[in-house]
Amino acid sequence: MADFIKLFEKKVAASIKKYNLISKNEKVAVAISGGKDSTTLLYVLKKLGYDVVGLFINLGIGNNSKENLKRIESFCKNNNIPLKVFDLIKETGYSMVDICEKYQKVINSTNCAICGVIKRYYLNKIAREIKVDKIATGHNLDDEAENVLLNIFSNNYELCLGLGPKSKENSSDLFIQRIKPLCECLNSESKKYANLIGFDIYTEICPLKVNAFRKDVREMISNVEKSKKNIKKNLVNNFYMILNKLKAEKNYSKIINCEKCSEPSRNKICKKCEIFEIIKKQ
Ligand code: AMP
Ligand code: ZN
């Protein structure tokens, strides 16, 4: 048991070093959802000696958000970790449930895609306001492998470019770099770590998460894995190598300030404001 805990922590430290994710004296906001991965990540980074703060976006998804917030507050208190909570309903007047429902009456999209845009927007805005250098998310190796295949199967080149252990460096002072220190840890490993340390995790799946395609891809990967080991690692490692070349070749459009909210954007109006424009008309 002690061996596994040490090995897991070493693996996270090795990924941070290998991909140069965090430098000494940098402050890291860990985007914590209350799930096993982000709770494990916050705990391990603190244990490795990094200057961390938890950052939770309360999306107002009924009981789910309430139960997660309760556990995150006591986790941070017990581990002496500062916590910043952003309340979507208080700040915007809308819950994620309202946003998804209203937006999808007009635009064909998925709950997870809409939620992803809103979460990324506020994580970046708050992280900048509290003056951290990095935003760490709990994405693990299984998530990365699924995302590689999902984006390729969907012919989504732009989303493919968004993958990898860290987002583009120095793209703008207004964008805080996002990092994934668990990108080489299997889902089963972070689950085992969380169980061994004994985190109090709310295990109900988010009621907005209804992605049949992701489920199919996950099942496909686990089927292939029966006859060939290490496919997730091979797939993600190989993709990361290709990704480096693709990112170097890509001509990124200039980052400007959104005309509505002044946050950084590659278009005149940012994605978050585009969504709010539409739902406000409903
Ligand atoms: P998901 O997109 O739900 O699979 O979550 C991926 C990662 O995003 C998690 O590991 C967290 O780091 C982060 N995250 C998800 N939901 C939240 C939230 N409500 N507040 C802060 N971070 C979150
Ligand atoms: Zn905007």
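General observations
- Restricting the calculation to alpha carbons of segment 88-167 gives Rg and Dmax of 14.7, 38 angstrom.
- Cα-derived Rg over Rh, computed across the chain with Rh taken as Kirkwood radius: 0.94
- Pairs beyond 27 Å (Cα-Cα), from LYS215/LYS280; LYS180/LYS229; LYS36/LYS245; LYS70/LYS280; LYS70/LYS209; LYS209/LYS233: LYS215/LYS280; LYS36/LYS245; LYS70/LYS280
- Ordering of 149-162, 120-133 by packing is 120-133, 149-162, highest average first (other Cβ atoms within 10 Å, averaged per residue).
- The chain, helix-only ellipticity at 222 nm - DSSP H runs n ≥ 4, -39,500 (n - 2.57), divided by all residues, nearest 500: -17000 deg cm²/dmol
- Amide H contacts of ARG178: ILE135, SER167, each under 5 Å away and 5 or more positions distant or on a separate chain (H built 1.01 Å from N in the peptide plane; Pro and chain starts excluded).
- In nm, spacing of pseudo-spin labels at LYS233 and THR110 (7 Å Cα→C-beta vector): 2.8 nm
- Straight-line cross-link partners of LYS192 among the aspartates and glutamates, defined as a Cα under 17 Å from its Cα and at least 8 positions apart when in the same chain: ASP3, GLU9, ASP37, ASP142, ASP143, GLU184, ASP200.
- In this structure, the residue pairs whose Cα-Cα separation is over 29 Å, taken from LYS66/LYS232; LYS168/LYS260; LYS10/LYS77; LYS17/LYS90, are LYS66/LYS232; LYS17/LYS90.
- Sites GLU277 and LEU186, calculated FRET efficiency, Cβ-Cβ separation with R0 35 Å, nearest 0.05: 0.30
- Ranked by the mean number of other Cβ atoms within 10 Å per residue, highest first, peptides 49-57, 208-216 order as 49-57, 208-216.
- Taking amide H positions as modeled 1.01 Å from N, with prolines and chain starts lacking one, the residues under 5 Å from CYS185 and 5 or more places away or on another chain are LEU141.
- Per principal axis, descending, Cα span of segment 1-118 in whole Å: 50, 31, 30
- A viscosity of 0.692 mPa s and a temperature of 37 °C, combined with the Kirkwood radius over Cα pairs in Stokes-Einstein, give a translational diffusion coefficient for segment 125-282 of 180 µm²/s.
- Compactness of segment 200-252 - radius of gyration and Dmax, Cα, Å: 16.2, 45
Just so you know, all these numbers are worked out from the coordinates, no wet-lab data involved. What you see is a predicted model; the values in this text were computed from it and never measured. Here Cβ is always computed from backbone atoms with ideal geometry, including for glycine, and neighbour counts include all displayed protein chains.
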